[in-house]
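Notes follow once the structure below has been shown.
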Amino acid sequence: MPLSVSSATAMSLPTKNFIHSKARGLANEPRFSYANNLIARFPVENDNLVKWSTPYDDYRPVEYTHKSVLAGPVWADPGDAREIKDFNEGKRVSFTRKYSLDEVSGRPENPAGRTGVIGRGLLGQYGPNHAADPLVTRMNGSVLEFVAIKRRDNGEWAIPGGMVDAGQTVSQTLKREFLEEAQNLLDKDPDQAKIVEKSVSDLFASPTETLYKGYVDDPRNTDNAWMETVCTLFHDASGEMTKNLKLEAGDDAGAVKWMPIDLKSDDFKLYASHRDFIQRAWDFVYKAE
Ligand code: RP5
């Protein structure tokens, strides 16, 4: 059954006592830069000052919306949030909870708290910006591996996710992303492309589990715009469905590869909340054994 964004239900943050940190620039510290050093966030270093319920009189967030968003492309909202009348409805429903709107600016309030930036930053929409993360795993001998992509914007390894297009179901997005991002073979060898297409369709015909639906600790988040995702696991326990999915290994931007999962290593770092999603996949696969 296709999952739809509007089927959002329970409060969903990555973990029970979750306090976002990448959304405050803590992971890539150099003084809390936002968007590859375009601006410096107002520092929200103290975890205790993140929640809106905690007063923070000296909080002076920096206003920032990237010029590509302000230029008004089709995927972006109008600049004045007061023109938007369907917050908390349809595609603007949050998987976390009903979010509040600022009384003066009409801008939504990030349900995970302060980030040090107001406006939309690099994100097109006020409120939730919905994505889909297809997490494809397989056993390679005794090693659990997943399909990882090296992001072009910041060079971090990630699950090959993508924004959900308006009116599209999450399931379709998962498939589209996988074909677009992971299947470079399609242009190069038409016969192999057909085999690959069939493998992808077999793989995506049977999602293993919805691992997560909710807020993402994404470095692009602001006080008024944030990422949310549906992370769906597609686990190929026998290796049959993924045996034709030969990925082009490499470490260049845009590279896609089967990456061994090593949750014991501090070097196993991934974009946004993706390490948490991998942990969920690990728990699921080994619990199922
Ligand atoms: C993350 O951003 C999501 O988890 C998803 O992987 C990704 C979608 O954004 P783009 O890759 O389309 O920029 O928050």
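Scanning the range 19-40 for residues that are touching a Gly at 6+ places or on another chain (Cβ under 7 Å) and surrounded by fewer than 18 Cβ atoms within 10 Å (Cβ to Cβ) returns S33, A35.
Of all residues in the range 231-289 being within 16 Å of the ligand (Cβ to nearest atom), among the hydroxyl-bearing types (S, T, Y) and outside any strand (DSSP E or B), which is farthest from F95 (Cα to Cα)? Full working, then the answer.
The first filter runs over the range 231-289 and keeps only residues within 16 Å of the ligand (Cβ to nearest atom), leaving 231-234, 253-256, 259, 269-281.
Subset that is among the hydroxyl-bearing types (S, T, Y): 232, 271, 273.
Of the ones still in play, those that are also outside any strand (DSSP E or B) are 271, 273.
Working: Y271: 20, S273: 15 Å.
If we take residues in the range 231-289 being within 16 Å of the ligand (Cβ to nearest atom), among the hydroxyl-bearing types (S, T, Y) and outside any strand (DSSP E or B), then Y271 is farthest from F95 (Cα to Cα).
If you go through the range 86-143 and keep only what is among the aliphatic types (A, V, I, L, M), part of a loop (DSSP other than H, G, I, E, B) and within 16 Å of the ligand (Cβ to nearest atom), you end up with A112, L122, L123.
Give the range 148-171 a look and list any residue that's more than 12 Å from L270 (Cα to Cα), more than 9 Å from the ligand (Cβ to nearest atom) and not in a loop (DSSP other than H, G, I, E, B), or say none. Matches in the range 148-171: V170, S171.
State which residue is farthest from the chain's Cα centre (by Cα) when the search covers only the range 205-230 and only residues that are under 18 Å from I118 (Cα atoms) and in a strand (DSSP E or B). Explain how you work it out, then say what you get.
Narrowing the range 205-230 to residues under 18 Å from I118 (Cα atoms): 215-228.
From what's left, in a strand (DSSP E or B): 215, 225-228.
Details: Y215: 8, A225: 13, W226: 10, M227: 6, E228: 6 Å.
Looking at the filtered set, the residue picked out is A225.
Of the residues that sit in the range 68-91 and are charged (D, E, K, R) and modelled with pLDDT of 95 or more, which one is surrounded by the most Cβ atoms within 10 Å (Cβ to Cβ)? Before the answer, list the steps.
Start the filter on the range 68-91 by keeping residues that are charged (D, E, K, R), which leaves 77, 80, 82-83, 85-86, 89, 91.
Now narrow it down to the ones that are modelled with pLDDT of 95 or more: 77, 80, 82-83, 85-86, 89.
Numbers: D77: 19, D80: 11, R82: 12, E83: 9, K85: 7, D86: 10, E89: 9.
This residue is D77.
The values are calculated or read from the model by the stated rules, or taken from the named source; none is laboratory data. Computed from a predicted structure; not experimentally measured. No Cβ is skipped: glycine too gets one built from the backbone with ideal geometry, and neighbour counts run over all protein chains shown.
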